[in-house]
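Read the structure below first, then the notes.
The values are calculated or read from the model by the stated rules, or taken from the named source; none is laboratory data. Please read all numbers here as calculations on a predicted model, not as lab measurements. Glycine also receives a Cβ, built like all others from the backbone with ideal geometry; neighbour counts cover every protein chain displayed. Heads up: the accessible areas ignore ligands, DNA and RNA and are worked out on the full protein's heavy atoms, side chains in. Shrake-Rupley method; radii C 1.70, N 1.55, O 1.52, S 1.80 Å.
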Amino acid sequence: MKVLVIGNGGREHALAWKFVQSPKVQTVYVAPGNGGTALDKRLHNLAITDHAALADFAVAEKIALTVVGPEAPLAGGVVDTFRARGLRIFGPTKAAAQLESSKAFAKEFMKRHGIPTAAYETFSDAAAAHAYVDGRGAPIVIKADGLAAGKGVVVAMTLEEAHQAIDWMLLDNKLGVTHNQGGARVVIEDFLQGEEASFIVVSDGRNVVPLATSQDHKRLLDHDQGPNTGGMGAYSPAPVVTPNVHARAMHEIILPTLAGMAADGMPFTGFLYAGLMIDAQGQPRTVEFNCRMGDPETQPIMMRLKSDLFDLLMHATDGTLDKVELEWDRRVAMGVVMAAHGYPLTPRKGDVITGIPPEADDAIVFHAGTSLVDGQLSVNGGRVLCVTALGDSVKQAQTRAYEMLKPIHFDGAQYRSDIGHRAIKR
């Protein structure tokens, strides 16, 4: 069987790496892939991004399964394009992907279906947004309504930060948000206290299988300081998701979301990611939805998955997830992101990368923002690598990941030295 993975990040490298472990998979293509997928002799990069051309390729090569990694192709309707050609593809339709591509759509959906989330209002007028923030006070959360590669959220601890964020998003678009029709909008919502976790499930539209829990670190700097990023590291499992929290997340958030999407005529197939804020009483509330696996959460989750990913997603595209039970490595997996100089706002490209250690049984370096030109590996994006390792405890996984990271070098490299600190405290 042949598999096609759409995307070029660390998430896609991890998915492709997992697919090649299946005895049923003969060839894995990654479109367009990155320097790491180019270096892996088991994978084949494909320099195609156009949806129709990808569908043509899938037909010509008799691709058995296509999996979409990032949000942009999903929001652009790649699943609809493939399905119209009778091709098997895993991911949500363009309509269902609005759960991620529009924060306003997601908040309205949650309100309509009684899914726990923060109180909010939506604004396209900057003056009205500023007045609302003055009335609510800080801390408060400002979200760009559109795709912003994980950087369109500002948790404003002061009114000054909140007003600055509104101007960034509505007037300057400093964050490079791909806005939805009707121009720039922001969702302003109440700040939720608690600890955040990533709760990702596989859905076939009716049945659902939860993946291992995980937690990522959004802030750029140690001790959760600095600007929000797409994620500077992650680990799995997340101790904050106790069995009680897990049950509540499934019954209060995941199942009502899937039922609501079906009732609204947009049955959700694909990876559904609920970003949860869990308060001191163990109540989960929805911070956001993503319509795909998280990055960097995918990397530790794939390291812990012992079941066959190809089998899982074939069941998901057949509508038979009720027949699936997943097996997980009992160890903790941790991924530490190495980011480019200037990330998140002005990442520098072109710096040469050296010293990447070979894959080991308990550790691997997944590539994200890398390219391979004439045998030279260099920086080609904001988050460059995710150094991922397994250990019997959070501390051991952390020690192994940082040991693996030590010989890697590129000018201006940024990484946190405290990934996993919340789990270690627990």
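Which one is least open to solvent (accessible area, probe 1.4 Å), of the residues in segment 311-350 that are assigned to a loop (DSSP other than H, G, I, E, B) and of a type in the set (A, V, I, L, M, F, W, C)?
This residue is ALA340.
Give the number of residues within segment 1-43 that are touching a residue at least 60 places away in the same chain (Cβ under 8 Å) and of a type in the set (Val, Ile, Thr).
Final tally of qualifying residues: 5.
Can you pull out the residues in segment 88-101 that are out of contact with any Leu (no Cβ under 9 Å at 6 or more places or on another chain) and either closer than 19 Å to ASP50 by Cβ or not in a helix (DSSP H, G or I) (or both)?
The one that is out of contact with any Leu (no Cβ under 9 Å at 6 or more places or on another chain) and either closer than 19 Å to ASP50 by Cβ or not in a helix (DSSP H, G or I) (or both): ALA95.
Provide a single number: the residues in segment 274-312 that are among the acidic types (Asp, Glu) and in contact with a Gly (Cβ under 7 Å, 6 or more places away or on another chain).
3
Any idea which residue in segment 5-43 is least open to solvent (accessible area, probe 1.4 Å), counting only those that are in contact with a Leu (Cβ under 8 Å, 6 or more places away or on another chain), over 25 Å from GLY231 (Cα atoms) and assigned to a strand (DSSP E or B)?
Once the filter is applied, the top-ranked residue is VAL28.
For segment 351-377, enumerate the residues that are open to solvent by less than 20 Å² (accessible area, probe 1.4 Å) and in a strand (DSSP E or B).
Across segment 351-377, the qualifying residues are ALA363, ILE364, VAL365, PHE366, HIS367, THR370, LEU377.
Considering each residue of segment 219-257, count those that are open to solvent by less than 10 Å² (accessible area, probe 1.4 Å) and part of a helix (DSSP H, G or I), and give that number.
5
With respect to GLN215, determine if the residue is modelled with pLDDT of 85 or more and either part of a strand (DSSP E or B) or aromatic (Phe, Trp, Tyr) (or both).
So GLN215 passes the test.
Restricting to segment 93-144, and then to whatever is open to solvent by 20 Å² or more (accessible area, probe 1.4 Å) and among the β-branched types (Val, Ile, Thr), can you tell me which residue is modelled with the lowest pLDDT?
THR122
How many of the residues in segment 44-84 are in a helix (DSSP H, G or I), open to solvent by 10 Å² or more (accessible area, probe 1.4 Å) and not small (Gly, Ala, Ser)?
Going through segment 44-84 one residue at a time, the tally reaches 9.
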